[in-house]
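Some notes on the structure that comes next.
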Amino acid sequence: MSELLNVLIVEDMKEDAILVIRELRHSGFNPIWERVQTAEELRTALVSRTWNVIISDYCLPRFSAPAALEVVTQSGQDIPFIVVSGTIGEESAVEMMKAGAHDYVMKDNLKRLPEAVRREIREARMRAERQQAQTTLDRTQERLQLAIEGSGIGLWDWYVQQQTIIFNEHWAEMIGYTLQELEPIGSPTWMDFLHPDDVRKSYEALERHFRQETPVYECEVRMRHRSGEWVWVLARGKVVERDGSGKPVRMLGTHLDVTERKRAETALQNLIEGTASVTGANFFSALVKHIAMALNVAYVLVSERIGDRLQTLAFWGEGELQDNTSYGIPQTPCERVLEAGCYACLHAIQTIFPDNQDLVEMQAESYLGIALRDANGKALGNLCILDTCPLTDLDRTEAILRVFAARAGAELERQRAINALHQMNRELEDIVQQRTAELRQSNEQLATTNLELARATRLKDEFLANMSHELRTPLNAILGLSESLQEQIFGPVNERQQKAISMVEQSGQHLLSLINDILDLSKIGSGKLELYPTSVSVEHLCESSLVFVRQQALQKDIQLVSQIPTDLQDIVVDELRMRQALINLLTNAVKFTPEGGQVTFKVSQASGSEPGPVKLVNPRSPGLVFTVEDTGIGIASENLDRLFKPFVQIDSSLNRQYTGTGLGLALVKQITELHGGWVGVESRLGQGSQFTITLPSQVLGVRSSSLGQPIYEAPESLSFSSNELQAAAMPPLILLAEDNEANIDMFTTYLMAQGYRLLLAKDGQQAIALSAAQKPDVILMDVQLPGTDGLEATRQIRSNGQLNHIPIIALTALAMPGDQERCMAAGVDAYLAKPVKMKQLVAVIQQLLNQESL
């Protein structure tokens, strides 16, 4: 059976209120709730029904938990007040508890809320029961005391059924008469003097007591005084005798004049209401005015301490606001206030401070002042009252003044902070203007430089294009004619001629290779070299690379050894460019290995211990290493750093023995880095060299029998510096559960350009299976998947203990009320409605990844 709960929620975000209600429902409550956002809405709601608990956010656009607590406190209702916030700090929480809040709960720990609600409701009931018991006891004691003292209290003895009543003399004096003047006295006598607006509530209170619904009769009413004014009377009584049927026979009671108390309450209420919603410069003016009226004093001052003087922030005197003034602190009552925190003089204030001319001019007789303090207890100023009469009821007056001194101190500190902030803003604006001018000048210089660079780049591109055209045109004729002569199209040629033609053809091919290398390196340098990744057989890639060097190795009697496993997975690379890199390594190995030597070409899976700037190996899917070893001339250790620089050969004397441009290894490095990998080298002079190309795990494909298809695309950046590669990390793996081809293309293109790896599942079952098999870092889940939908897939993933930590982002074209709640209830971590803003998606992914890493 659900427990009925009337909940008043102070919250500007409806979604947060719904989360609170959902948590209460899950814990067995049947909440009837209302949401308010302003003080006026809260006051209206407080009188609209009886509330079991109030749950308030700490900070709202137009309201706050402290202000809400103040409204509830002013209403006089004892309702459990719980703060639920995602931003409240410990200090603020303590202040709220001191102010009267019963508990506070963080929004990220709402599971604690239901128990807090139950506890506070129990304690509220206990307080009410204790209060009721105490009230009954107090009333009994008061009646006994009134009966004993008898003096000054109106007593009455009412014989209900006979409609006769007996009053004492004080009853009549309370309304300005004697008993003789009121005769004949009976039940109608009381009604004759009762205010018409109070007749009904008085009768209703009597009827409730007669029906024994209340232990005593109690009602505050107005009675007409002989002077024509209305006096407030607290009427109390109790049935002391009933007949056999339970009907009242005799009732005893009292009348107490509470006119002064009602006037004081009204004045205090006006003071509270008059200053409750006022802030800023008008606050102090409203404060002194309402204090003067509430306490009925001649002068009220609130002042700020500035050096050894006090500057009034507001000054009330002679019934109106006076001009602000400044006065010295020494030899004044205010000096004692600032030293001790409080100072009171009930009468003869001028005799204590005879040299204070201000007191003389005010004709002051009494004084009471309270210091204004900041959060650290430092005195900022004071709030004081002065009157031309002796001060009475010191305890009540001091209590009221202390409350509003605390409020005034807080307001003064707030205004000081605002002024300091304004000053800081002005200084920051000056700095920003200066920096903006400097930045504008820098931007102008940068724009000029960029234009010059763009022009230089354009000229370089035009030069390379023209050079390529001008060189390729004659090369085309040279190579074409050489091929025709070798095939003896123009007639037979002898061996000596054949050899000469072959040298012409080889020289032309060498020149063409040089042109291509220069253009390729230029494209990479300008970021214009595009990769076209496809799924490639490793074995085919290696064998097709070896073909280019077999003849050269055979001519030098070099043993060419290949160690290529046949069970390797396909890889996703640009086949042409990767073959170009491998051929360059193999060609160099054959070129720099003496006759009779050995060149070994092998492929293996990366173990994570390979030399390189970063480790990009995923333990679940190791990367791939291509190794070319030779027994050639080797490289000195001091020359290794220069090895991959374009147009550089480590020993210019070798140019005469080994032809080349110095571009080959530079191209190998750049092409490998465009694929996300790196090149390593180990060498000993005179013993040989070992070059490795290590590709990261994301270039590995899967066989067609596997679930999902990993997608890889080379990054757009030119290359990685050594520092950048050392700072790199394995790109996160994202499982995309989506069946719409257009959406698949959109998400994969964008996310891969951001450097993420992707797995694809086109239905819910594939998403569940891939999650278990691949354990991705983030799951993007379309809600409307064929077969098992996205919400059911999410539930099944969450039920797996090994997968329930993986962040899941719901992507859906649904955006109806309740859709987000259903997604969150299924277990997703975030909800994005289509059309999705891609930058927002990446931001959410990164936020969840950062939370996961904590």
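Some observations on this one:
- Residue list for the stretch 60-73, filter: surrounded by fewer than 19 Cβ atoms within 10 Å (Cβ to Cβ) and under 19 Å from A128 (Cβ atoms): T73
- Test: residue in the stretch 279-301 that is hydroxyl-bearing (S, T, Y), at pLDDT 90 or above and open to solvent by less than 30 Å² (accessible area, probe 1.4 Å): yes
- Applying the criterion of at least 3 residues that are within 27 Å of R22 (Cα to Cα) and open to solvent by less than 10 Å² (accessible area, probe 1.4 Å) to the strands (runs of 3 or more DSSP E) found wholly in the stretch 736-854 leaves 778-782, 808-812.
- Residues in the stretch 450-487 that are farther than 28 Å from A500 by Cβ and either modelled with pLDDT of 85 or more or not in a helix (DSSP H, G or I) (or both): L451 only.
- Checklist (1) surrounded by fewer than 12 Cβ atoms within 10 Å (Cβ to Cβ); (2) in a strand (DSSP E or B) applied to E213, failing item: (2)
- Within the stretch 571-604, tally of residues that are in a strand (DSSP E or B) and open to solvent by less than 20 Å² (accessible area, probe 1.4 Å): 6
- Taking the stretch 726-735 as the range and being more than 21 Å from D829 (Cβ to Cβ), part of a loop (DSSP other than H, G, I, E, B) and either open to solvent by 60 Å² or more (accessible area, probe 1.4 Å) or not aliphatic (A, V, I, L, M) (or both) as the test, only A729 passes.
- One residue stands out in the stretch 21-59 among those that are among the polar types (S, T, N, Q) and farther than 16 Å from L110 by Cβ: the one that is least open to solvent (accessible area, probe 1.4 Å), namely T38.
- Just one of the numbered conditions (1) modelled with pLDDT under 90; (2) among the acidic types (D, E); (3) open to solvent by 70 Å² or more (accessible area, probe 1.4 Å) is not true of E123: (1).
Residues are listed down the side, and each one gets a yes or a no for (1) outside any loop (DSSP other than H, G, I, E, B); (2) open to solvent by less than 40 Å² (accessible area, probe 1.4 Å); (3) closer than 18 Å to V302 by Cβ; (4) of a type in the set (S, T, N, Q):
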site	(1), (2), (3), (4)
Y343	yes, yes, yes, no
D358	yes, no, yes, no
E361	yes, no, no, no
A375	no, no, no, no
G381	yes, yes, yes, no
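- For I18, the conditions (1) under 24 Å from M97 (Cβ atoms); (2) open to solvent by less than 80 Å² (accessible area, probe 1.4 Å); (3) within 21 Å of the chain's Cα centre (by Cα); (4) hydrophobic (A, V, I, L, M, F, W, C) are fulfilled apart from (1).
- Of everything in the stretch 316-341 that is open to solvent by 30 Å² or more (accessible area, probe 1.4 Å) and hydrophobic (A, V, I, L, M, F, W, C), the residue that is farthest from the chain's Cα centre (by Cα) is L321.
The values are calculated or read from the model by the stated rules, or taken from the named source; none is laboratory data. Fair warning: this is a prediction, and the values are worked out from it, not measured in the lab. All Cβ positions, even for glycine, are placed from backbone atoms using ideal geometry, and neighbour counts span all protein chains on display. The protein model used for the area step is the full one, side chains on, heavy atoms only, and it has no ligands, DNA or RNA in it. Shrake-Rupley method; radii C 1.70, N 1.55, O 1.52, S 1.80 Å.
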